[in-house]
Amino acid sequence: MALTRFSLENYRCFQARQEIELGKVTVILGRNNSGKSALVRAPLVFSTGFAANSSLPLDLEQLGEGAPSFQDLVYAGRPHGRVRLGFGFGEADGRTDVEATVQHVEEWQSQVVSELTVQRENASYSLSWSPGAEGEGGAKTYEVAVGPETPERSATQQVEFKGLFPDQAFAYGHLGEYTARHLAELSPAAGLDTIRYLGPYRGRPSRMHRIPARVPVNVGSSGEHAMGIIADDHLRRGSHLVRVLNGYLARNLPGWRLKVAERGSGMFSVELVTTSSSQPITVNLDDVGTGVTQLLPILVQRALDEVRAPEREVLEIVEEPELHLHPSAHALVADLFLNAATSQGSRVRFLVETHSETFLLRLRRRIAEGAILPEQVAVYFVEHNGARSNVRRIGVDRLGNVEGWPRGVFSEDFDETQALAAAQMEQLDRTEPRAR
(Lines give C-alpha, C1' and ligand atoms only; values in the text may rest on other atoms or scores of the structure.)
Protein backbone atom coordinates (compact mmCIF):
# COMPACT_ATOMS: atom_id res chain seq x y z
CA MET A 1 0.00 0.00 0.00
CA ALA A 2 1.22 3.48 -0.82
CA LEU A 3 1.40 6.06 1.95
CA THR A 4 -0.49 9.01 0.47
CA ARG A 5 -0.56 11.32 3.48
CA PHE A 6 0.62 11.65 7.05
CA SER A 7 -0.22 13.99 9.88
CA LEU A 8 1.33 14.85 13.21
CA GLU A 9 0.32 16.82 16.26
CA ASN A 10 2.24 17.76 19.41
CA TYR A 11 5.30 16.34 17.66
CA ARG A 12 8.75 17.92 18.01
CA CYS A 13 8.35 21.64 17.23
CA PHE A 14 4.85 21.17 15.77
CA GLN A 15 2.19 21.76 18.43
CA ALA A 16 -0.84 22.09 16.15
CA ARG A 17 -1.91 19.37 13.74
CA GLN A 18 -0.01 19.37 10.44
CA GLU A 19 -1.21 17.54 7.32
CA ILE A 20 1.13 16.46 4.53
CA GLU A 21 -0.28 15.10 1.27
CA LEU A 22 2.44 13.26 -0.59
CA GLY A 23 3.04 13.59 -4.32
CA LYS A 24 5.35 11.68 -6.60
CA VAL A 25 7.92 14.24 -5.47
CA THR A 26 7.26 16.17 -2.25
CA VAL A 27 9.52 19.13 -1.47
CA ILE A 28 10.01 20.67 1.98
CA LEU A 29 11.41 24.21 2.13
CA GLY A 30 12.14 26.55 5.01
CA ARG A 31 14.80 28.54 6.78
CA ASN A 32 17.42 26.95 9.01
CA ASN A 33 16.15 25.42 12.26
CA SER A 34 12.51 25.82 11.24
CA GLY A 35 11.63 22.13 11.65
CA LYS A 36 12.19 20.81 8.11
CA SER A 37 14.34 17.86 9.18
CA ALA A 38 11.89 16.87 11.93
CA LEU A 39 9.11 16.85 9.34
CA VAL A 40 10.84 14.83 6.63
CA ARG A 41 12.18 12.28 9.12
CA ALA A 42 8.75 11.75 10.70
CA PRO A 43 7.68 8.83 8.43
CA LEU A 44 10.94 7.06 9.30
CA VAL A 45 10.19 7.47 13.02
CA PHE A 46 6.56 6.38 12.62
CA SER A 47 7.55 3.29 10.64
CA THR A 48 9.05 1.79 13.81
CA GLY A 49 5.46 1.24 14.98
CA PHE A 50 4.45 -0.71 11.87
CA ALA A 51 7.32 -3.14 11.29
CA ALA A 52 7.62 -3.95 14.97
CA ASN A 53 7.28 -6.92 17.27
CA SER A 54 7.59 -4.77 20.36
CA SER A 55 5.23 -3.87 23.15
CA LEU A 56 6.30 -0.24 22.65
CA PRO A 57 4.13 1.74 20.22
CA LEU A 58 7.27 3.17 18.58
CA ASP A 59 10.35 0.97 18.76
CA LEU A 60 12.81 3.84 18.40
CA GLU A 61 15.87 1.67 18.94
CA GLN A 62 15.34 0.48 15.35
CA LEU A 63 16.71 3.86 14.29
CA GLY A 64 20.14 2.92 15.58
CA GLU A 65 22.77 4.98 17.35
CA GLY A 66 21.58 8.46 18.21
CA ALA A 67 17.91 7.49 18.14
CA PRO A 68 15.63 9.95 19.99
CA SER A 69 13.74 9.01 23.12
CA PHE A 70 9.97 9.28 23.01
CA GLN A 71 10.10 12.42 25.16
CA ASP A 72 12.33 13.97 22.52
CA LEU A 73 9.39 13.59 20.13
CA VAL A 74 6.85 15.31 22.39
CA TYR A 75 6.34 19.04 21.91
CA ALA A 76 8.12 20.86 24.76
CA GLY A 77 9.22 17.47 26.17
CA ARG A 78 6.34 17.23 28.64
CA PRO A 79 6.66 14.23 31.03
CA HIS A 80 3.08 13.04 30.46
CA GLY A 81 2.91 14.30 26.89
CA ARG A 82 1.31 12.58 23.95
CA VAL A 83 1.85 12.54 20.20
CA ARG A 84 -0.96 12.11 17.68
CA LEU A 85 -0.12 10.49 14.36
CA GLY A 86 -2.16 9.96 11.23
CA PHE A 87 -1.64 7.95 8.04
CA GLY A 88 -3.55 7.62 4.80
CA PHE A 89 -2.98 4.71 2.42
CA GLY A 90 -4.12 4.65 -1.18
CA GLU A 91 -5.04 1.29 -2.66
CA ALA A 92 -6.64 -0.02 -5.84
CA ASP A 93 -9.75 -1.03 -3.88
CA GLY A 94 -10.07 2.00 -1.60
CA ARG A 95 -8.37 4.15 0.98
CA THR A 96 -7.43 3.39 4.55
CA ASP A 97 -7.07 6.03 7.27
CA VAL A 98 -5.29 5.41 10.57
CA GLU A 99 -5.20 7.77 13.56
CA ALA A 100 -3.20 6.90 16.67
CA THR A 101 -2.41 8.73 19.91
CA VAL A 102 0.69 7.60 21.79
CA GLN A 103 0.75 8.58 25.47
CA HIS A 104 3.88 8.72 27.61
CA VAL A 105 3.41 7.39 31.14
CA GLU A 106 6.13 8.87 33.31
CA GLU A 107 5.69 6.39 36.17
CA TRP A 108 6.34 3.45 33.84
CA GLN A 109 8.94 5.25 31.70
CA SER A 110 7.04 3.77 28.81
CA GLN A 111 4.30 4.57 26.30
CA VAL A 112 0.80 3.35 25.54
CA VAL A 113 -1.41 3.63 22.47
CA SER A 114 -4.22 5.52 24.19
CA GLU A 115 -6.45 5.85 21.10
CA LEU A 116 -6.50 4.07 17.76
CA THR A 117 -8.95 4.37 14.87
CA VAL A 118 -8.74 2.52 11.56
CA GLN A 119 -11.27 3.17 8.80
CA ARG A 120 -11.45 1.58 5.38
CA GLU A 121 -14.42 2.22 3.12
CA ASN A 122 -17.43 1.21 5.25
CA ALA A 123 -15.53 -0.83 7.85
CA SER A 124 -13.95 0.72 10.92
CA TYR A 125 -12.87 0.06 14.45
CA SER A 126 -11.54 2.13 17.32
CA LEU A 127 -9.95 1.47 20.69
CA SER A 128 -9.75 3.83 23.63
CA TRP A 129 -7.52 3.04 26.62
CA SER A 130 -9.06 2.82 30.09
CA PRO A 131 -6.19 3.53 32.54
CA GLY A 132 -5.99 1.67 35.84
CA ALA A 133 -7.26 -1.73 34.69
CA GLU A 134 -4.15 -3.44 33.38
CA GLY A 135 -4.22 -7.16 32.72
CA GLU A 136 -1.53 -9.81 32.71
CA GLY A 137 1.31 -10.04 30.21
CA GLY A 138 1.22 -6.37 29.22
CA ALA A 139 -2.44 -6.36 28.20
CA LYS A 140 -4.38 -3.19 28.95
CA THR A 141 -8.07 -2.46 29.04
CA TYR A 142 -9.66 -0.75 26.06
CA GLU A 143 -13.14 0.23 25.10
CA VAL A 144 -13.54 -1.29 21.66
CA ALA A 145 -15.90 -0.05 18.98
CA VAL A 146 -16.51 -1.86 15.70
CA GLY A 147 -18.94 -0.83 13.02
CA PRO A 148 -19.74 -0.99 9.34
CA GLU A 149 -19.42 2.80 9.11
CA THR A 150 -19.72 4.67 12.41
CA PRO A 151 -18.39 2.43 15.20
CA GLU A 152 -20.91 1.29 17.79
CA ARG A 153 -19.68 0.98 21.35
CA SER A 154 -19.00 -2.52 22.65
CA ALA A 155 -17.77 -3.97 25.92
CA THR A 156 -14.27 -3.30 27.19
CA GLN A 157 -11.57 -5.82 26.32
CA GLN A 158 -8.06 -6.71 27.43
CA VAL A 159 -5.77 -5.90 24.51
CA GLU A 160 -2.07 -6.44 23.96
CA PHE A 161 -0.35 -4.27 21.35
CA LYS A 162 2.54 -4.96 19.01
CA GLY A 163 3.78 -1.59 17.88
CA LEU A 164 0.86 0.67 16.98
CA PHE A 165 -1.64 -2.17 16.47
CA PRO A 166 -3.34 -4.90 18.53
CA ASP A 167 -1.84 -8.36 18.15
CA GLN A 168 -3.48 -10.68 15.66
CA ALA A 169 -5.04 -13.00 18.25
CA PHE A 170 -7.11 -10.11 19.58
CA ALA A 171 -7.99 -8.90 16.11
CA TYR A 172 -9.45 -12.15 14.89
CA GLY A 173 -11.10 -12.89 18.21
CA HIS A 174 -12.93 -9.58 18.68
CA LEU A 175 -13.20 -7.70 15.38
CA GLY A 176 -15.29 -8.34 12.32
CA GLU A 177 -13.63 -10.59 9.74
CA TYR A 178 -13.24 -7.84 7.13
CA THR A 179 -11.71 -5.36 9.56
CA ALA A 180 -9.53 -8.02 11.18
CA ARG A 181 -8.19 -9.12 7.83
CA HIS A 182 -7.32 -5.55 6.97
CA LEU A 183 -5.63 -5.10 10.34
CA ALA A 184 -3.48 -8.11 9.47
CA GLU A 185 -2.50 -6.37 6.24
CA LEU A 186 -1.50 -3.25 8.15
CA SER A 187 0.55 -4.74 10.97
CA PRO A 188 3.11 -5.54 12.07
CA ALA A 189 5.37 -6.07 9.03
CA ALA A 190 3.07 -5.18 6.14
CA GLY A 191 1.34 -1.96 5.32
CA LEU A 192 3.61 1.05 5.47
CA ASP A 193 5.89 1.60 2.51
CA THR A 194 9.53 0.66 2.62
CA ILE A 195 11.06 3.80 4.09
CA ARG A 196 14.51 4.75 2.88
CA TYR A 197 16.49 7.60 4.36
CA LEU A 198 19.55 9.34 2.96
CA GLY A 199 20.84 12.05 5.25
CA PRO A 200 22.50 15.34 4.36
CA TYR A 201 26.05 14.15 5.06
CA ARG A 202 27.13 11.32 2.79
CA GLY A 203 30.39 9.82 4.01
CA ARG A 204 33.50 9.88 1.81
CA PRO A 205 34.48 6.47 0.44
CA SER A 206 37.69 4.87 1.66
CA ARG A 207 40.62 4.18 -0.63
CA MET A 208 39.92 0.44 -0.46
CA HIS A 209 36.91 -1.60 0.64
CA ARG A 210 36.26 -5.18 1.61
CA ILE A 211 34.01 -7.19 -0.69
CA PRO A 212 30.65 -7.66 1.15
CA ALA A 213 29.43 -11.16 1.96
CA ARG A 214 25.91 -10.13 0.92
CA VAL A 215 24.59 -7.22 -1.09
CA PRO A 216 22.95 -4.41 0.91
CA VAL A 217 19.34 -3.60 -0.01
CA ASN A 218 19.96 0.17 -0.22
CA VAL A 219 22.80 2.67 0.05
CA GLY A 220 22.17 3.40 3.74
CA SER A 221 21.48 6.62 5.64
CA SER A 222 24.90 8.12 4.85
CA GLY A 223 25.63 6.23 1.62
CA GLU A 224 27.83 3.78 3.52
CA HIS A 225 26.66 0.77 1.47
CA ALA A 226 27.14 2.31 -1.97
CA MET A 227 30.62 0.89 -2.55
CA GLY A 228 29.54 -2.60 -1.48
CA ILE A 229 26.61 -2.49 -3.93
CA ILE A 230 28.99 -1.50 -6.75
CA ALA A 231 31.49 -4.26 -5.90
CA ASP A 232 28.80 -6.94 -5.61
CA ASP A 233 27.47 -5.95 -9.02
CA HIS A 234 30.94 -6.04 -10.60
CA LEU A 235 32.01 -9.36 -9.11
CA ARG A 236 28.75 -11.33 -9.09
CA ARG A 237 26.20 -9.74 -11.44
CA GLY A 238 28.01 -8.93 -14.66
CA SER A 239 28.47 -5.17 -14.00
CA HIS A 240 24.91 -4.39 -15.13
CA LEU A 241 24.48 -1.78 -12.40
CA VAL A 242 27.88 -0.23 -13.18
CA ARG A 243 26.82 0.24 -16.82
CA VAL A 244 23.59 1.95 -15.71
CA LEU A 245 25.57 4.05 -13.24
CA ASN A 246 27.99 5.15 -15.97
CA GLY A 247 24.99 6.23 -18.02
CA TYR A 248 24.01 8.53 -15.16
CA LEU A 249 27.58 9.80 -14.85
CA ALA A 250 27.69 10.60 -18.58
CA ARG A 251 24.77 13.01 -18.01
CA ASN A 252 25.79 14.35 -14.60
CA LEU A 253 29.60 14.16 -14.73
CA PRO A 254 30.52 14.12 -18.43
CA GLY A 255 34.01 12.97 -19.34
CA TRP A 256 34.26 10.36 -16.58
CA ARG A 257 33.26 6.75 -16.03
CA LEU A 258 33.44 4.53 -13.00
CA LYS A 259 35.31 1.25 -12.71
CA VAL A 260 35.99 -1.32 -9.98
CA ALA A 261 39.56 -2.54 -9.43
CA GLU A 262 40.16 -5.77 -7.52
CA ARG A 263 43.07 -5.46 -5.09
CA GLY A 264 43.35 -9.05 -3.81
CA SER A 265 42.61 -10.58 -0.41
CA GLY A 266 38.93 -9.73 -0.78
CA MET A 267 39.59 -6.01 -1.24
CA PHE A 268 38.64 -3.61 -4.03
CA SER A 269 38.76 0.07 -4.91
CA VAL A 270 36.35 2.23 -6.91
CA GLU A 271 37.86 4.70 -9.35
CA LEU A 272 36.91 7.34 -11.89
CA VAL A 273 38.53 7.13 -15.33
CA THR A 274 38.51 9.84 -18.00
CA THR A 275 36.71 9.01 -21.23
CA SER A 276 37.93 11.83 -23.47
CA SER A 277 41.68 11.32 -23.35
CA SER A 278 43.91 9.05 -25.43
CA GLN A 279 45.78 8.37 -22.21
CA PRO A 280 43.04 7.87 -19.60
CA ILE A 281 43.55 9.36 -16.17
CA THR A 282 42.48 7.20 -13.22
CA VAL A 283 41.51 8.77 -9.88
CA ASN A 284 40.59 6.88 -6.72
CA LEU A 285 37.25 8.08 -5.30
CA ASP A 286 39.03 9.03 -2.12
CA ASP A 287 40.86 11.71 -4.13
CA VAL A 288 37.93 13.28 -6.02
CA GLY A 289 35.97 16.37 -5.05
CA THR A 290 33.42 16.32 -2.25
CA GLY A 291 30.53 17.06 -4.59
CA VAL A 292 31.11 13.85 -6.55
CA THR A 293 31.20 11.68 -3.43
CA GLN A 294 28.03 13.36 -2.14
CA LEU A 295 26.20 12.71 -5.42
CA LEU A 296 27.38 9.13 -5.93
CA PRO A 297 25.09 7.42 -3.32
CA ILE A 298 22.09 9.10 -4.95
CA LEU A 299 23.15 7.78 -8.36
CA VAL A 300 23.87 4.29 -7.00
CA GLN A 301 20.39 4.05 -5.46
CA ARG A 302 18.78 5.11 -8.74
CA ALA A 303 20.82 2.54 -10.67
CA LEU A 304 19.96 -0.16 -8.12
CA ASP A 305 16.24 0.52 -8.53
CA GLU A 306 16.59 0.42 -12.31
CA VAL A 307 18.41 -2.92 -12.23
CA ARG A 308 16.24 -4.52 -9.52
CA ALA A 309 12.89 -2.79 -9.24
CA PRO A 310 11.45 -2.61 -5.70
CA GLU A 311 8.84 -5.25 -4.93
CA ARG A 312 6.74 -2.92 -2.77
CA GLU A 313 6.03 0.79 -2.50
CA VAL A 314 8.98 2.95 -1.45
CA LEU A 315 9.06 6.37 0.15
CA GLU A 316 12.61 7.68 -0.19
CA ILE A 317 13.52 10.53 2.15
CA VAL A 318 16.49 12.61 1.00
CA GLU A 319 17.88 15.57 2.90
CA GLU A 320 19.73 18.25 0.95
CA PRO A 321 20.56 16.24 -2.18
CA GLU A 322 22.26 19.36 -3.54
CA LEU A 323 24.85 19.49 -0.76
CA HIS A 324 28.35 20.38 -2.08
CA LEU A 325 27.11 20.37 -5.68
CA HIS A 326 27.49 23.24 -8.12
CA PRO A 327 24.10 24.93 -8.73
CA SER A 328 24.13 23.65 -12.33
CA ALA A 329 23.84 20.10 -10.93
CA HIS A 330 20.84 20.88 -8.73
CA ALA A 331 18.47 20.79 -11.71
CA LEU A 332 19.96 17.48 -12.87
CA VAL A 333 19.21 15.93 -9.46
CA ALA A 334 15.62 17.20 -9.66
CA ASP A 335 15.26 15.53 -13.06
CA LEU A 336 16.77 12.35 -11.65
CA PHE A 337 14.07 12.16 -8.97
CA LEU A 338 11.28 13.12 -11.39
CA ASN A 339 12.29 10.47 -13.91
CA ALA A 340 12.56 7.81 -11.21
CA ALA A 341 9.16 8.69 -9.72
CA THR A 342 7.22 8.94 -12.99
CA SER A 343 8.73 6.13 -15.05
CA GLN A 344 6.26 3.40 -16.00
CA GLY A 345 5.64 0.97 -13.16
CA SER A 346 7.69 2.98 -10.67
CA ARG A 347 6.95 2.32 -7.01
CA VAL A 348 9.33 4.97 -5.67
CA ARG A 349 8.28 8.40 -4.45
CA PHE A 350 10.47 11.08 -2.91
CA LEU A 351 10.24 13.31 0.15
CA VAL A 352 13.00 15.90 -0.24
CA GLU A 353 14.28 18.63 2.04
CA THR A 354 16.17 21.23 0.06
CA HIS A 355 17.59 24.74 0.19
CA SER A 356 18.02 24.88 -3.58
CA GLU A 357 15.99 27.35 -5.61
CA THR A 358 17.34 25.72 -8.78
CA PHE A 359 15.95 22.33 -7.71
CA LEU A 360 12.48 23.81 -7.32
CA LEU A 361 12.73 25.82 -10.54
CA ARG A 362 13.46 22.63 -12.49
CA LEU A 363 10.32 20.98 -11.05
CA ARG A 364 8.26 24.01 -12.02
CA ARG A 365 9.73 24.02 -15.51
CA ARG A 366 8.89 20.34 -16.04
CA ILE A 367 5.31 21.03 -14.94
CA ALA A 368 5.04 23.91 -17.42
CA GLU A 369 6.47 21.66 -20.16
CA GLY A 370 3.84 19.02 -19.38
CA ALA A 371 6.41 16.39 -18.36
CA ILE A 372 4.68 15.99 -15.00
CA LEU A 373 1.25 16.97 -13.68
CA PRO A 374 1.10 19.71 -11.02
CA GLU A 375 -0.73 17.38 -8.62
CA GLN A 376 2.21 14.97 -8.76
CA VAL A 377 4.46 17.56 -7.10
CA ALA A 378 3.73 18.77 -3.56
CA VAL A 379 5.61 21.78 -2.16
CA TYR A 380 5.52 22.77 1.53
CA PHE A 381 7.07 25.63 3.47
CA VAL A 382 7.90 25.26 7.17
CA GLU A 383 7.73 28.42 9.28
CA HIS A 384 8.85 28.88 12.88
CA ASN A 385 7.47 31.79 14.88
CA GLY A 386 9.82 31.49 17.87
CA ALA A 387 7.57 29.14 19.85
CA ARG A 388 6.30 26.54 17.38
CA SER A 389 6.42 25.55 13.73
CA ASN A 390 3.68 25.29 11.14
CA VAL A 391 3.59 23.82 7.64
CA ARG A 392 1.98 25.61 4.71
CA ARG A 393 1.39 24.10 1.29
CA ILE A 394 2.45 26.16 -1.71
CA GLY A 395 0.27 25.59 -4.75
CA VAL A 396 1.77 25.04 -8.21
CA ASP A 397 -0.46 25.47 -11.27
CA ARG A 398 -0.16 23.80 -14.68
CA LEU A 399 2.08 26.65 -15.91
CA GLY A 400 4.51 26.11 -13.07
CA ASN A 401 3.44 29.28 -11.27
CA VAL A 402 3.45 29.14 -7.47
CA GLU A 403 0.60 30.35 -5.29
CA GLY A 404 1.00 31.70 -1.77
CA TRP A 405 4.76 32.00 -1.98
CA PRO A 406 6.21 33.11 1.40
CA ARG A 407 7.66 36.59 1.42
CA GLY A 408 11.44 36.87 1.42
CA VAL A 409 12.12 33.25 0.44
CA PHE A 410 14.67 32.74 -2.35
CA SER A 411 14.87 36.54 -2.73
CA GLU A 412 18.51 36.75 -1.69
CA ASP A 413 19.91 37.12 -5.23
CA PHE A 414 17.47 39.93 -6.01
CA ASP A 415 18.20 41.67 -2.71
CA GLU A 416 21.97 41.38 -3.23
CA THR A 417 21.68 42.69 -6.79
CA GLN A 418 19.69 45.68 -5.58
CA ALA A 419 22.27 46.38 -2.86
CA LEU A 420 25.11 46.04 -5.38
CA ALA A 421 23.45 48.50 -7.78
CA ALA A 422 22.88 50.97 -4.93
CA ALA A 423 26.53 50.72 -3.85
CA GLN A 424 27.70 51.24 -7.44
CA MET A 425 25.54 54.34 -7.83
CA GLU A 426 26.87 55.73 -4.54
CA GLN A 427 30.44 55.18 -5.71
CA LEU A 428 29.72 56.92 -9.02
CA ASP A 429 28.09 59.87 -7.24
CA ARG A 430 31.24 60.29 -5.11
CA THR A 431 33.77 59.95 -7.95
CA GLU A 432 32.04 61.86 -10.77
CA PRO A 433 32.69 65.37 -9.33
CA ARG A 434 36.45 64.60 -9.16
CA ALA A 435 36.42 63.34 -12.77
CA ARG A 436 35.01 66.67 -13.93
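One table, with the values for the structure above:
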quantity: Matching residues in segment 317-337 - criterion: being touching a residue at least 60 places away in the same chain (Cβ under 8 Å) and open to solvent by 10 Å² or more (accessible area, probe 1.4 Å); calculated: Glu320, Leu323, Ala329, Leu332, Leu336
quantity: Matching residues, segment 285-307, being farther than 18 Å from Arg243 by Cα and either more than 31 Å from the chain's Cα centre (by Cα) or free of Cβ contacts under 8 Å to residues at least 40 places away in the same chain (or both); calculated: Asp287, Val288, Gly289, Gly291
quantity: Those residues of segment 211-233 which are over 30 Å from Phe6 (Cβ atoms) and modelled with pLDDT under 90, in sequence order; calculated: Ile211, Pro212, Ala213, Arg214, Val215
quantity: Leading residue by the ranking (nearest to Ala334 (Cα to Cα)) among those in segment 237-280 that are part of a loop (DSSP other than H, G, I, E, B) and touching a helix residue (DSSP H, G or I) at 6+ places or on another chain (Cβ under 7 Å); calculated: Leu253
quantity: Count - residues of segment 13-33 that are at pLDDT 95 or above and either part of a strand (DSSP E or B) or farther than 24 Å from Val314 by Cβ (or both); calculated: 14
quantity: Answer from Asn10, Asn32 - the residue that is over 17 Å from Val113 (Cβ atoms) and polar (S, T, N, Q); calculated: Asn32
quantity: Of all residues making up segment 204-217, the number that are over 18 Å from Glu320 (Cα atoms), assigned to a loop (DSSP other than H, G, I, E, B) and either among the polar types (S, T, N, Q) or open to solvent by 90 Å² or more (accessible area, probe 1.4 Å) (or both); calculated: 6
quantity: Enumerated strands (runs of 3 or more DSSP E) restricted to segment 90-203, each holding at least 1 residues that are modelled with pLDDT under 65; calculated: 152-159
quantity: Residue in segment 251-305 that is surrounded by the most Cβ atoms within 10 Å (Cβ to Cβ), counting only those that are farther than 28 Å from Leu315 by Cα and among the acidic types (Asp, Glu); calculated: Glu271
quantity: Selection status of Asn390, within 30 Å of Leu73 (Cβ to Cβ) and open to solvent by 80 Å² or more (accessible area, probe 1.4 Å); calculated: no
quantity: Of residues in segment 410-426 being over 26 Å from Arg31 (Cα atoms) and open to solvent by 80 Å² or more (accessible area, probe 1.4 Å), the one modelled with the lowest pLDDT; calculated: Gln424
quantity: Subset of segment 79-119 that is on the phi < 0 side of the Ramachandran plot and of a type in the set (Gly, Ala, Ser) - its residue that is surrounded by the most Cβ atoms within 10 Å (Cβ to Cβ); calculated: Ala100
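The values are calculated or read from the model by the stated rules, or taken from the named source; none is laboratory data. What you see is a predicted model; the values in this text were computed from it and never measured. Note that we place each Cβ from the backbone using ideal geometry, even for glycine, and neighbour counts take in every protein chain shown. SASA here: full protein model, heavy atoms, side chains in, ligands and nucleic acids out. Shrake-Rupley method; radii C 1.70, N 1.55, O 1.52, S 1.80 Å.
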